1. Non-local amide H neighbours of Val59 (under 5 Å, H modeled in plane, Pro and chain starts lacking H): which ones?
2. At a probe size of 1.4 Å, how large is the accessible area of Leu23, to the nearest 10 Å²?
3. Determine the alpha carbon to alpha carbon distance for each of Lys257/Lys301; Lys178/Lys198; Lys257/Lys417; Lys198/Lys301 and list only those over 21 Å.
4. Straight-line reach only, C-alpha to C-alpha below 17 angstrom: list the lysines that Lys356 could link to, leaving out same-chain residues fewer than 8 apart.
5. What lysines sit close enough to Lys196 to cross-link, taking a C-alpha to C-alpha distance under 19 Å and skipping anything fewer than 8 places away on the same chain?
6. Given 0.36 nm per residue, what is the gain on full extension from Met340 to Asp392 after removing their alpha carbon distance, in nm?
7. I'd like the carbon and sulfur percentage of the solvent accessible area for the stretch 342-429, probe radius 1.4 Å, heavy atoms only, ligands and nucleic acids excluded.
8. Can you run phi through the Karplus equation (6.51, -1.76, 1.60; θ = phi - 60°) for the stretch 367-372 and list ³J(HN,Hα) in whole Hz, with x for Gly and Pro?
Amino acid sequence: MSDNTTELDFGTTAQKATDGEKLPVVLLALDQGRYDMTRSLDELRALADANGMDAVAEVVQKRATPEAATMLGEGKVAEARLVCQNVNAAAAIFDGELTGSQIRNLSAALQLEVLDRTMLILEIFRARATTNEGKLQTELATLRYQLPRLQGLGESLSRQGGGGGGGGGARRGAGETKLELDRRHLHHRIEHLEEKLKEMEKRRSETRRARQKNNVPVVALVGYTNVGKSSLLNALCGEQIFEADMLFATLDPTARKLVLPSGLQIILVDTVGFVSRLPHHLVEAFKSTLEEAAFADVIIKVADAGDAQAAEQLAVTDEVLSSLDCESIPQLVVYNKCDMANAVAFDPDILLTSAKTGCGLPELLAKLDDVLGHRVRTIELVLPYDKLALADILRSRGSVAAEEYREDGVFYRATVKIDDLHRFEAFLV
């Protein structure tokens with residue numbers, strides 16, 4: 001078994017879809033009045049679409065307390081079964097987390113495969129992860145989620161076994177033995193993955209230290225999934241990473257160099273997107289990736305200008321950032337996709353942008369220059385011909401706006417970092 005795979009799997013029907021085919025699924029939900037059910041189901045439908053599924057029907061029950069065995073009441077489960085049969089559904093997806101026994105009971109009652117919201121997100125994560133770290137983080141989150149649900153994830157884990165008449169001579173069933181073996185395997189694999197991710201985190205920390213040593217500012221793009229973070233990065237840095245109008249189009253963090261109008265070089269980092277009610281263990285599994293935001297010099301919080309729930313999106317973002325202790329880091333709020341909505345920014349601290357048309361991008365870069373302005377200084381100097389080695393520092397760690405050869409040396413108008421200013425003081429004009 002390779003380091004990037006596990007023998008245990010949810011076995012979702014998404015893996016059986018052929019190219020270009022979307023599998024019909026039915027959405028199930030229990031409305032206890034705790035959140036906007038319409039909004040939640042819309043998001044679940046988008047998650048299903050991102051996983052190659054087509055939500056053709058939905059069954060929602062309003063109920064104060066869930067049914068212990070199946071979440072939904074007996075009558076609603078019977079209704080859901082008829083709906084699944086009528087639309088020839090390949091699977092049902094429950095909008096929330098289910099226990100292993102609830103998954104088993106619902107699957108038996110509906111006579112088809114049942115996933116819950118977290119399982120669906122994990123499937124998307126597994127399909128989208130491209131780097132080794134992303135794949136390991138996804139597998140770790142999957143295994144942690146499977147561990148308490150082993151007994152309910154398949155009939156092969158049944159505790160029923162023949163033989164033995166009770167007492168000390170009774171034999172344990174084959175299912176119980178398999179359950180113990182699977183549990184032991186998961187514990188071993190989880191420990192192995194945690195060790196590998198710790199090693200990767202050490203290397204990530206070394207990269208961060210190198211950035212800090214070179215005094216390269218880091219700006220992190222964070223926000224709800226599908227608000228256009230990858231599109232913004234491509235618009236600012238050039239077409240380099242995959243983007244699409246779907247949830248979790250990109251999963252692994254991407255870092256690109258960007259030169260601001262002042263000449264200051266920064267590192268722009270695109271991080272994994274959030275969704276509402278993102279399970280805590282998923283945040284934990286991807287914490288090393290999300291910590292790119294925690295170590296950033298500036299955080300750009302991106303929301304969808306065309307979404308009526310943009311404020312809620314930002315609230316989800318703030319909640320995750322708070323869990324990473326990012327409150328002290330300067331933060332900018334950007335409403336992206338303003339070309340798709342009649343968005344008006346009443347708050348002067350809110351920037352409107354469109355990665356598609358380029359609207360607002362110069363203002364965003366200028367704002368970053370303003371926030372990071374204390375890092376650089378524009379100078380004029382003449383470097384003697386025997387000191388031209390210093391020009392490499394001007395170009396590699398700053399930017400050159402003008403260059404002119406003179407009798408006594410080379411004149412430069414350049415932007416340099418404050419930390420490098422002492423190198424050029426003797427040559428300032």
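1. Residues meeting the amide H criterion: Leu27, Leu28, Ala29.
2. Ignoring ligands and nucleic acids, Leu23 comes out at about 20 Å².
3. Details: Lys257/Lys301 19 Å; Lys178/Lys198 30 Å; Lys257/Lys417 16 Å; Lys198/Lys301 28 Å.
Flagged as over cut-off: Lys178/Lys198; Lys198/Lys301.
4. Counting by Cα, and skipping residues close in sequence, Lys356 has these lysines nearby: Lys229, Lys337.
5. Lys135, Lys287
6. 14.3 nm
7. Values: 2680 of 5200 Å².
Answer for the stretch 342-429 is 52 percent, counting heavy atoms of protein chains only.
8. So the Karplus estimates, Gly and Pro as x, are 5, 4, 4, 5, 5, 9 Hz.
The values are calculated or read from the model by the stated rules, or taken from the named source; none is laboratory data. As the structure is a prediction and not an experimental result, all values here were calculated from the model. Backbone-built Cβ (ideal geometry, glycine too); neighbour counts: all protein chains shown. Only protein heavy atoms, including side chains, enter the accessible area calculation; ligands, DNA and RNA are left aside. Shrake-Rupley method; radii C 1.70, N 1.55, O 1.52, S 1.80 Å.
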